[in-house]
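K.L.:
Could you have a look at this structure, given as structure tokens, before my questions?
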Amino acid sequence: MRPFLIVLTLVFIASGCVTTTPPNDSPATLTTSNSQYFNDETNNHSPMASITEPIGPLTLQQAASLALLHNPSLSAFSWEIRARESLEIQEGFYPNPELETELENFAGTGPIDLFNQAEATALYSQLIEFGGKRENRQVVAQWETESARWDYRVAVADVLAQVAQRYFDVLTAQQRIEILNELLQLAEESVFAISERVKTGRVAPMEETRARVELAAEQNLLDQAKGELEAAKIQLAAAWGSAVPQFELATGTLGDIHELPSLESLSTEVEANPDVQRWSAEMKKREAALNLEVSQAVPDITLSGGLRYINESDDVAFIAAVSFPLNIFNRNQGAIQASRERIQKGEEEKRAVTVEALSALSTVYQSLLSSRTQIDRLKKEILPGANSAYEAVREGYEQGKFAYLEVLDAQRTLFESRTKLIETTADFHAHWVALERLLGKPLQNVIPADQMTMPEVKNNE
């Protein structure tokens, strides 16, 4: 009876060891204990860290750096990459052994009452995998991680393009306010000058009323532009997770437009688009998944060994067993074929992404050409003509040749042309940002203000 109790005791002890609940490691614990498995690329974000945002002027480079460090969506990607790397570790483990216990011929009737003829068996089994299943699972997990890294790079490109676009929105709003301030100043000067003329009887009081209405309208436009500037600053600060922007203004200005390279030369660079590049990793992952499914068709074996105690004769015997499936019906044919078809699907999807990128490139390029043509026409024809007309009408008004409404009309045409130049230049930069996003190239720096050339309104006192 003693050997029987010893076998049962060992079985229960071993079972307790196998079923012990592992500690629930937190992400921080995993990062510390398995730091050699994590790429430094995933440690660039500190979502809980304080954001050091410039109080005064803000450059495009500073805005991009803040977004890369603190953008919430990018921080989420870093955790996903860590999770994928942890799964790589998981796929490298061997299958757990199994411990099986069995008690037969006990608590029956007649001679097998209680444990008189009981037999206790303890079996230790281990699954032995063939066909490289574990290695193939690791390779799939590695390409899953690489795909996640490419998803991160795509997200980085999107965030940088978004930051640049919002930065140019702030610059556009700032320049619009500068023009409206000039227009408001002219309106105030006009009100003062016309008021003096009304006092001397040179013009009718209706002229002063019109001037004051125009002044109020310009003040409304300026107030609206200031609200748009604050909204643009809030949108820009949101790119790095800040609800309240701390910076005072965006430095630089929308500058001169440079020559464009040919569309043919740009088309050869589309392969650098991260949306296209990520498909290389995606196809490798699908090929690895096919290899895994093929290996799943290779039968595994289970080796078992243990002891059997026979209470009736008080003997102990060894037991050994080998088991393996017979792949007669299920040879994983469907899963293997599905993996092959997903590879073919991936080739078509990659081609579709490339064609879409080329189409978008052509569209953006045409928009750039259109914006550039409009900018050239505004600078060379419309603005000089509007400026000359305004000066002539204003001088004629001083001499009594034109009515004040004609002055207002010429002034409005001039300032609308200047505003149109800013908006068209902003469109050009927006298309340029979209172009660089499509090409996967670094974003363009803001052109310094001293390189800006824009016709100025000359005030005749």
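K.L.:
What does a probe at Gln399 reach in segment 175-207, counting residues whose amide N is under 19 Å from the point 7 Å along Cα→Cβ?
P.N.:
Answer for this model: 203.
K.L.:
Right, something else. How high is the relative contact order of segment 159-227? Use alpha-carbon pairs under 8 Å, at least six apart in sequence, and give a whole percent. Display every interim value, and only then the final one.
P.N.:
Details: 35 pairs, mean separation 28.3, N = 69.
Relative contact order, segment 159-227: 41 percent.
K.L.:
Right, another one. Taking H placed 1.01 Å from N in the peptide plane, check which residues at least 5 places from Glu312 or on another chain put their amide H under 5 Å from its amide H.
P.N.:
Distant-sequence amide H within range of Glu312: Ala118.
K.L.:
Working out 0.36 nm times the residue gap between Gln185 and Trp79, then minus their Cα-Cα distance, what length gain in nm do you get to one decimal?
P.N.:
Gain in length upon complete extension: 32.8 nm.
K.L.:
What FRET efficiency would be calculated for the residue pair Arg134, Ala217, taking the C-beta separation as r and a Förster radius of 51 Å, to the nearest 0.05?
P.N.:
Numbers: r = 75 Å, r/R0 = 1.48.
Step by step, r from the Cβ atoms, then E = 0.10.
K.L.:
Using θ = phi - 60° and the Karplus curve 6.51 cos²θ - 1.76 cosθ + 1.60, what whole-Hz ³J(HN,Hα) does each residue of segment 238-252 get, with Gly and Pro shown as x?
P.N.:
5, 5, 10, x, 9, 7, 10, x, 9, 6, 8, 7, 8, 7, x
K.L.:
Convert each backbone phi in segment 114-130 into a coupling constant with the Karplus relation 6.51 cos²θ - 1.76 cosθ + 1.60 (shift: θ = phi - 60°), then list the ³J(HN,Hα) values in order as whole Hz, x for Gly and Pro.
P.N.:
Each residue's phi maps through the Karplus curve to give 6, 10, 4, 10, 5, 10, 10, 10, 10, 10, 10, 10, 9, 7, 10, 8, 10 Hz.
K.L.:
Compute the distance from the alpha-carbon center of segment 104-172 to that of segment 358-395, in whole Å.
P.N.:
59
K.L.:
Keeping all protein chains in place, calculate the accessible area per residue for segment 150-240 (probe 1.4 angstrom), answer in Å².
P.N.:
That works out to 46 Å² for each residue.
K.L.:
First compute the accessible area of segment 143-187 with a 1.4 Å probe, then give the percent of it belonging to carbon and sulfur atoms.
P.N.:
On the way: 700 of 1450 Å².
Heavy-atom surface of segment 143-187 belonging to carbon and sulfur, 1.4 Å probe: 48 percent.
K.L.:
Additional query: Calculate one ³J(HN,Hα) per residue across segment 86-99 by plugging θ = phi - 60° into the Karplus curve 6.51 cos²θ - 1.76 cosθ + 1.60, and present them in order as whole Hz with x for glycine and proline.
P.N.:
Rounded to whole hertz, the list is 5, 5, 4, 4, 4, 5, x, 7, 6, x, 5, x, 10, 10.
K.L.:
With the Cα gyration tensor of segment 235-274 giving a ≥ b ≥ c as the square roots of its eigenvalues, does the rule (a/c under 1.5 for rounded; else a/b larger than b/c for prolate; else oblate) give rounded, prolate or oblate?
P.N.:
It comes out oblate by the Cα gyration axes.
K.L.:
Please list, in chain and number order, the residues 5+ apart from Leu307 or on another chain whose amide H is under 5 Å from its amide H, with Hs placed from the backbone.
P.N.:
Close amide H contacts, sequence-distant or interchain: Ala122, Ile319.
The values are calculated or read from the model by the stated rules, or taken from the named source; none is laboratory data. If you're wondering where the values come from, they're calculated on a predicted model, not measured in any experiment. Because the Cβ atoms are built from the backbone with ideal geometry, glycine has one as well, and the counts that use them run over all protein chains shown. SASA here: full protein model, heavy atoms, side chains in, ligands and nucleic acids out. Shrake-Rupley method; radii C 1.70, N 1.55, O 1.52, S 1.80 Å.
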